[in-house]
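Colleague: Here it is, the structure, as structure tokens.
The values are calculated or read from the model by the stated rules, or taken from the named source; none is laboratory data. Keep in mind that this is a model prediction, so the values were computed, not measured. Quick reminder, even Gly has a Cβ in these numbers, built from the backbone with ideal geometry, and neighbours come from all protein chains shown.
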Amino acid sequence: MAHSEKQIQQRIENSETHIFKAVFPNTTNHYETLFGGTALQLMDEASFICATRFSRKKVVTVSTDKIDFGKPIPEGTLVELVAKVCKVGNTSCVVQVDIFMERMYEEGRELAVSGLFTFVAIDDQKNPTPILD
């Protein structure tokens with residue numbers, strides 16, 4: 001069944017995913033900022049949830065692209081990960097993930113990290129399958 005552009009846009013809106021975390025010492029590096037590997041793990045998790053909610057299929061990460069660590073994220077801050085589908089292919093989708101940082105006791109937030117994650121839908125034999133039915 002072919003999906004209309006309107007249906008796809010509705011699925012994109014419905015699958016936008018927000019995750020909040022506190023940056024504790026066990027997630028930081030020796031500079032007392034969020035470890036890059038931890039940021040990538042959180043981004044992959046948020047994008048996986050988003051891609052799954054979008055497709056309602058089994059999906060796997062096949063690539064990441066253009067991860068920009070724009071600002072260090074200090075220990076003791078809050079982060080919000082926002083994941084949203086930005087491109088839809090036949091068997092794949094691309095999810096943009098942004099990490100926004102905010103200080104616990106101050107108003108405002110700023111974009112700290114952003115990146116793109118590509119997922120492919122797979123069937124029970126782990127072969128690519130259409131991302132949307």
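Colleague: I need the strands (runs of 3 or more DSSP E) fully contained in the range 9-111, keeping only those with at least 1 residues that are closer than 22 Å to K126 by Cα.
Modeller: Once the strands (runs of 3 or more DSSP E) in the range 9-111 are filtered for at least 1 residues that are closer than 22 Å to K126 by Cα, what remains is 58-69, 77-88, 92-103.
Each row is one residue, and each column tells you yes or no for (1) out of contact with any Leu (no Cβ under 8 Å at 6 or more places or on another chain); (2) without any contact (Cβ under 8 Å) to a residue 24 or more places away in the chain; (3) closer than 18 Å to T64 by Cβ.
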position: V85; (1), (2), (3): yes, no, yes
position: G89; (1), (2), (3): yes, no, yes
position: S92; (1), (2), (3): yes, no, yes
position: V97; (1), (2), (3): no, no, yes
position: E107; (1), (2), (3): yes, yes, no
position: V113; (1), (2), (3): yes, no, yes
position: V120; (1), (2), (3): yes, no, yes
position: N127; (1), (2), (3): yes, yes, no
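Colleague: Here's another thing I want to ask about it. Could you pull out the residue among P72, P128, P25 that is modelled with pLDDT of 95 or more, out of contact with any Phe, Trp or Tyr (no Cβ under 6 Å at 6 or more places or on another chain) and loosely packed, with under 13 Cβ neighbours inside 10 Å?
Modeller: Matching residue, one of P72, P128, P25: P25.
Colleague: Could you check the range 3-33 and list, in sequence order, the residues that are in contact with a helix residue (DSSP H, G or I) (Cβ under 6 Å, 6 or more places away or on another chain) and among the aliphatic types (A, V, I, L, M)?
Modeller: I19
Colleague: Ok, one more. I'd like to check something: does the range 112-119 contain any residue that is farther than 28 Å from E5 by Cβ, in a loop (DSSP other than H, G, I, E, B) and of a type outside the set (V, I, T)?
Modeller: No, the range 112-119 has no match at all.
Colleague: If you don't mind, another one. Here are E110, E106: which of them is farther than 14 Å from V62 by Cα and in contact with a Gly (Cβ under 9 Å, 6 or more places away or on another chain)?
Modeller: Within the list E110, E106, the selection yields E110.
Colleague: Any residue that is farther than 23 Å from Q9 by Cβ, among the charged types (D, E, K, R) and in contact with a helix residue (DSSP H, G or I) (Cβ under 8 Å, 6 or more places away or on another chain) - is there at least one of those in the range 100-118?
Modeller: No, there is no match, as no residue in the range 100-118 is farther than 23 Å from Q9 by Cβ, among the charged types (D, E, K, R) and in contact with a helix residue (DSSP H, G or I) (Cβ under 8 Å, 6 or more places away or on another chain).
Colleague: For residues that are in contact with a Gly (Cβ under 7 Å, 6 or more places away or on another chain) and at pLDDT 95 or above, scanning just the range 33-67, find the one that is farthest from A22 (Cα to Cα).
Modeller: T64
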